[in-house]
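Since the structure comes first, as structure tokens, the remarks are kept for the end.
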Amino acid sequence: MEMKVTDGSNGKGGGAMATGLPFPPQYGSELLVIRSGKGVWLEDAAGNKYLDFAGGIAVNALGYGRSDLARVVSRQMRKLPHISNVFTTEPALELARTMLAYQPGRFASVFFGNSGTEANEAALKYARMFAFRTRGAGHHKLLCLSSAFHGRTMGSLSVTPTPKYQDPYAPLVPGVVVTPFNDTAALQKALTDEFAGVIVEVVQGEGGLAVMTEEFARALNEACARTGAILIADEVQTGLGRTGTFYGSDGVGLKPDLITLAKPLGGGLPLSAVLIPEKINAVIHASDHGTTFGGGPVTTAVAKKVWDTVCAPDFIQHVKEMGEVLGAGLQEVKAAFPGKVGELRGKGMLRGFEYTAGEVKGLLDGLRAHGMLALRSGTNVIRIAPPLVMTRKEIQAGITIIKEALK
């Protein structure tokens with residue numbers, strides 16, 4: 001299949017700049033060239049502007065063109081770009097201490113990586129390592145939930161139970177059991193002391209935007225405490241305020257042992273983290289895990305600025321309020337187009353809706369033609385994950401675009 005890169009020069013994303021893209025054909029048949037961004041708006045190579053309802057897949061929480069982040073990156077690049085984790089740097093130390101201080105006493109250490117899948121891979125390894133060193137062999141199983149997505153490396157892919165992702169790479173890591181999302185009875189039946197860990201998402205970002213219930217969160221807390229399984233909250237998309245609380249798990253009462261973070265953490269640069277409690281930190285040995293690039297001085301310097309910005313007193317309140325505005329706007333869309341819009345999904349500023357009138361790609365193309373970029377989740381859900389700095393006026397403009405596209 002020949003791929004095409006487009007600059008949007010016909011105003012609808014259809015003008016070809018070149019064919020024979022120098023990338024593997026895993027991203028689709030066409031890629032739009034984005035040139036720049038300012039605030040919550042993006043511009044393609046032909047000068048067309050798009051309201052960003054995708055956020056770089058929930059990465060660009062603070063929007064685009066920020067001089068404060070640019071200054072941090074530039075200053076650190078001139079001082080020291082990389083040193084590896086054989087040593088450490090002041091930005092890494094400062095960020096780690098700041099992250100641990102957010103909820104004092106809850107976590108004892110931070111492992112820095114490069115991506116969400118790497119953070120989840122590390123968390124799964126920590127869970128198995130902890131089970132082996134505290135309970136011995138025979139407690140290695142991992143439990144995940146239906147429609148979950150935890151990444152594309154072999155370990156995290158093994159707990160991403162979707163055939164189209166898994167089948168070409170089988171056999172995967174053994175010992176994984178899948179139970180239905182939000183099914184308390186199935187969880188209680190499946191989870192035994194053979195399990196090292198359970199990995200979950202509060203909102204299933206790639207799996208259709210299903211939201212964990214508080215009842216299921218309580219059941220997870222109780223089942224993991226009963227069996228000794230390590231509870232891992234994959235907060236790659238929901239961390240740092242996306243759902244209206246700083247950690248998405250806090251919003252439903254989930255009490256994870258490990259929290260994984262990534263997408264917004266590095267301000268657009270590749271950085272991930274695993275927050276580790278004392279009971280696991282105490283049994284980690286030298287060389288149990290590592291990374292060459294994770295936690296570099298540039299990424300951790302900019303992440304400290306992102307963290308401080310999100311932790312500002314009014315920031316999460318703004319996200320909560322704008323999440324309510326977005327939710328109300330989608331209710332309007334559902335009421336106006338009952339034959340095209342099904343169930344509303346998600347929480348906070350990670351929301352979406354079922355599209356019931358055809359292929360999701362058709363609506364995504366329509367949104368793009370009207371000046372908006374959005375995402376897919378699952379098979380038939382339009383996913384909205386805009387920058388968290390988006391204003392009421394900008395959200396309302398986006399709702400108008402959605403209505404126009406649905407017409």
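The values are calculated or read from the model by the stated rules, or taken from the named source; none is laboratory data. This one's a predicted model, so the numbers in the text were calculated from it and none came from an experiment. In this analysis, Cβ positions are derived from the backbone assuming ideal geometry, glycine residues included, and neighbour counts consider all displayed protein chains. The accessibility values were calculated without ligands, DNA or RNA, using every heavy atom of the protein model including side chains. Shrake-Rupley method; radii C 1.70, N 1.55, O 1.52, S 1.80 Å.
A few notes on this one:
- Accessible-area composition of segment 6-119, carbon plus sulfur, in percent [1.4 Å probe]: 57
- Scoring 42-55, 236-249 by mean Cβ neighbours within 10 Å over their residues and listing the highest first yields 236-249, 42-55.
- Looking at the chain, the accessible area is 43 square angstrom per residue; that uses a 1.4 Å probe and ignores ligands, DNA and RNA.
- Cross-link reach list, lysines versus Lys304, counting only Cα pairs under 19 Å and skipping chain neighbours closer than eight places: Lys79, Lys263
- Cα-Cα over 18 Å, subset of Lys334/Lys403; Lys320/Lys393; Lys38/Lys361; Lys361/Lys403: Lys38/Lys361
- Segment 17-166 shape via C-alpha gyration tensor axes, a/c threshold 1.5: oblate
- Label-to-label distance, nm, for residues given as Val33 and Cys311 (7 Å Cα→Cβ offset): 4.1
- Every Cα-Cα pair in segment 268-326 was counted, and those over 14 Å apart are 72% of them.
- Global form of segment 73-129, assessed from the alpha-carbon gyration tensor, a/c cut-off 1.5: oblate
- Surface share of carbon and sulfur [accessible, 1.4 angstrom probe, percent] for segment 232-285: 54
- Extension gain (nm, one decimal) between Ala328 and Glu214, 0.36 nm per residue minus Cα-Cα: 38.8 nm
- Highest average packing first - 182-195, 276-289, 161-174, 254-267, Cβ atoms within 10 Å: 254-267, 182-195, 276-289, 161-174
- In straight-distance terms, cross-link reach from Lys125 covers every one of the aspartates and glutamates whose alpha-carbon lies under 12 Å from its own, apart from those fewer than eight places away in the same chain; here that gives Asp288.
- The distance between label points at Glu194 and Ala225 comes to 2.5 nm (points 7 Å beyond Cα on the Cα→Cβ vector).
- Take every Cα pair under 8 Å whose residues are at least 6 apart in sequence, average their separation, divide by the length of the chain, and the relative contact order is 20 percent.
- The orientation-averaged projection of the convex hull spanning the C-alpha atoms of segment 116-206 amounts to 5.8 square nanometres.
- Diffusion coefficient (Stokes-Einstein, Kirkwood radius over C-alpha pairs, 37 °C, 0.692 mPa s) for segment 29-97: 223 µm²/s, rounded to a whole number.
- Between segment 24-99 and segment 343-382, the Cα center-to-center distance that results, in Å: 24
- Reachable lysines, given that their alpha-carbon falls under 19 Å from the alpha-carbon of Lys255 and they are not under 8 places away in the same chain: Lys279, Lys347
- Under the criterion of Cα pairs below 8 Å and six or more residues apart, the relative contact order for segment 314-407 equals 29 percent.
- Helical content alone sets the calculated 222 nm signal of the chain at -11000 deg cm²/dmol, taking -39,500 (n - 2.57) per DSSP H segment of four or more residues and averaging over every residue.
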